[in-house]
Amino acid sequence: MRSLRALLLVLVGVLCMGAASDPAERLADPAQEARARELFKEVRCLVCQNESIDASEAELAADLRAIVRQQVAAGSSDDQVRRFLIERYGEYVLLKPRFSLANAALWLTPFVIFLLGALMLAGRLRRAEPEPDLSAAEAERLARLAGDEKRHD
């Protein structure tokens, strides 16, 4: 049982080392590497689509991580790195696209649809015909029924 446990621990250790990024890829400056790692979390893997390049194992994600590290090492600010990626791959490369005129329709469409629905509902309720008043015959019959009811109580 001990040998099985030891074997499992060794296997877990080997798998963890395999999952870790290659130290040769990392930037020498820890501050720059930390900046790059934060940027990785904002950039979409274009193969996996809803996964950041930080979490993705795809080859393209590794290429994008290398590009981000190169940009950070070259002294680019975070915004400059983002702009570079957007120019190269389009706005879709960001997991959280910025609000701009180009994507305003995507951001505003749900609100516009809700507003139009509320306006249509308000208009329909406003145009709803009220209950018609009772005719003289109906009012008289109602009065008789109400009077009969009082006599039975």
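So here's what we get for this one:
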item	result
Residue within the stretch 40-49 that is modelled with pLDDT under 90, β-branched (Val, Ile, Thr) and surrounded by 13 or more Cβ atoms within 10 Å (Cβ to Cβ) present	yes
Phe114, sole failed condition from (1) outside the structural domain of Val47 (by TED's automatic domain parsing); (2) under 17 Å from Ala36 (Cα atoms)	(2)
Residues within the stretch 67-79 that are part of a helix (DSSP H, G or I) and surrounded by 13 or more Cβ atoms within 10 Å (Cβ to Cβ), tallied	8
Residues that are in a helix (DSSP H, G or I) and of a type in the set (Gly, Ala, Ser), drawn from the stretch 123-140	Gly123, Ala136, Ala137, Ala139
Conditions (1) in contact (Cβ under 8 Å) with a residue 12 or more places away in the chain; (2) surrounded by 10 or more Cβ atoms within 10 Å (Cβ to Cβ): number failed by Lys96	(2)
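The values are calculated or read from the model by the stated rules, or taken from the named source; none is laboratory data. Everything numeric in this text was worked out from a predicted model, so none of it was measured. Every residue, glycine as well, gets a Cβ built from its backbone with ideal geometry; the counts of neighbours run over all protein chains shown.
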